[in-house]
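Peer 1: I am attaching a structure below and will ask some questions about it afterwards.
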Amino acid sequence: MYNDEHNLYHYTYRKDGSETDAHSAPQGEPLQPQSSGPQQPVQEMKPVKKNRIGLKVTALALCCALLGGAVGGGVAWGVSNSSGGTSVNVSGRTVSQVSLKTVDGKTEMSDAEVYAANVNSVVSINVTGTSGYNFFGQPVQSASSGSGFVLTSDGYIVTNYHVVENAETVKVTMYNGDEYDAQYVGGDEDYDIAVIKIEATDLPAVTLGNSENLNVGDHVLAIGNPLGDLTFSMSGGMVSSVNRTINVDGTPFNMIQTDTSINPGNSGGPLLNSYGEVVGIVSAKYSSYGTSGESVEGLGFAIPINDVISMIQDIMTNGYVSNKAYLGATIGTLTSSMAQQYRYDISQGAFVYSVEDGSPAAQAGLQLGDVITAIDGTEIASLDDLTAAKKSYSAGDTSTLTVYRQGETVTLELTWGTAPAETTQTDAQQDTQSSGGQNGGNGYTNPYDLFEYFFG
């Protein structure tokens, strides 16, 4: 209880509020009565129930804090006082030097060794050109970048056709920083290959391998300049598929599919096997294709080196692919609406819009309105099929054409011709056109005008 005496509070355990002296009274002496006076109201204190759970939580937190501090102090002490038994293990391994090996086609190499053996043969390509005209009729300058690799020690470099297409200036940068002005030698859009030349000697050239020996699952590497800024980068992966046929902008390509990272700027660089040999020409253009423009990951493509090496050598000698098979006709895809309009019994094939006078097509007897349905027994359902089939032939080869003509099926013997140099250089070959036009023979600008030709 609390009593108020001289404005001071004193605690007492007596219910009546009285207090005892600080010292016990001597034995035998009666206790002196308290001075009389008015008694103050007595307020009884209720016992307080202790929150034991809260106390336990608080105690636990304090223990953890103390223990953490002790551990931290112990670690700090151990780092600075390793003699006390606590220490940090640090590796004493020395950096191993990558040996520069010669690519001999027999010795399998580590990724680092493949890079060391080939990086000096990879080049960065920067081009400038004109991409049209603005509102005022002034030319709009454009710039792009890609990759390539040195094929011969005297300066011939291989890249993709789309890297140097329509380029006005081409500059090449080597791994050591040397820069050269390059001249365009020639290329082929159908195979997306091109050759450029720099004036230099004793350049480190790549070693070509055999792309036909690739198996799904084989390890491959790509060296190039992704995004044009991350120069001489290497990425690795595996062969995901071989002989993969893809269609880009209406042109079929036979490709090596890989999950090696290939990005814009990698185009034209080498795809290397684990022996350091070039087995393909990588292309970011085809690694980002899609029917709906979706982005892709783990999907890259490279042109098999075996498919194009003879053409590359032809370009180096003649400036173009001189033995490229040539038909000399304007071809398109027969659609179901066209077939209905012309009253054809078939609904697919390669439709002949026109035939050039004196061309291999004319000599074989191909006519306006014919529909090519097969070549040497291989079904032809569209212009894409015909283009893909034509790639397997060279000038001078013979083929048997199966042709639908006015309700009947006829066979024609065709000897593939040689593409004219000016036609190949300008990529205006009639064989791959999809709309009609007069080219020295019977032809119509609008394919539906054929209705009048047949039935008018």
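The values are calculated or read from the model by the stated rules, or taken from the named source; none is laboratory data. In this text, all values refer to a predicted model and were calculated from it rather than measured experimentally. We place every Cβ from the backbone using ideal geometry, glycine too, and count neighbours over all the protein chains shown. Calculation scope for accessible area: heavy atoms of the full protein, side chains included, ligands and nucleic acids excluded. Shrake-Rupley method; radii C 1.70, N 1.55, O 1.52, S 1.80 Å.
Peer 1: Among Val248, Gly146, Tyr115, pick out the residue whose Cα is farthest towards the positive end of the charge dipole of the stretch 110-254, where Lys and Arg carry +1 and Asp and Glu carry -1 on C-beta, about the Cα centre.
Peer 2: After comparing all options, I get Val248.
Peer 1: Could you work out how far the C-alpha centroid of the stretch 388-410 sits from that of the stretch 212-237, in angstrom?
Peer 2: Here the two parts' Cα centres lie 38 Å apart.
Peer 1: At 1.4 Å probe size, with the rest of the protein present, what percent of the exposed accessible area of the stretch 95-219 is carbon and sulfur atoms?
Peer 2: Roughly 47 percent, rounded to a whole number.
Peer 1: Roughly how many Å² of Phe232 are accessible to a 1.4 Å probe, to the nearest 10?
Peer 2: My reading of the accessible area for Phe232 is about 30 Å².
Peer 1: Just round it to a whole percent: the fraction of Cα-Cα distances in the stretch 175-225 exceeding 16 Å.
Peer 2: 67
Peer 1: Separate question: Compute the semi-axes of the equivalent ellipsoid of the stretch 171-288, taking the square root of 5 times each eigenvalue of the Cα gyration tensor, and list them largest first in whole Å.
Peer 2: Taking √(5λ) for each Cα gyration eigenvalue gives 24, 18, 14 Å.
Peer 1: Taking all protein chains as present, what is the carbon and sulfur share of the accessible area of the stretch 318-392, in % to the nearest whole number, probe 1.4 Å?
Peer 2: Reported share for carbon and sulfur atoms: 39 percent.
Peer 1: Two decimals, Cα atoms only, Kirkwood Rh: what is Rg/Rh over the stretch 297-426?
Peer 2: Result for the stretch 297-426 is an Rg/Rh of 1.03.
Peer 1: Binning every alpha carbon pair distance of the stretch 129-235 at 5 Å from zero, what are the percents per bin?
Peer 2: 2, 10, 18, 20, 21, 13, 8, 5, 2, 1, 1
Peer 1: Please work out, to two decimal places, the log10 of the ratio I(q)/I(0) at q = 0.28 Å⁻¹ from a Debye calculation in which every Cα of the stretch 319-392 carries one identical scatterer.
Peer 2: So the normalised log intensities are -1.35.
Peer 1: For the stretch 149-193, just the Cα atoms, rotate onto the principal axes and tell me the three extents in Å, largest first.
Peer 2: On the principal axes, the stretch 149-193 reaches 33, 22, 15 Å in Cα extent.
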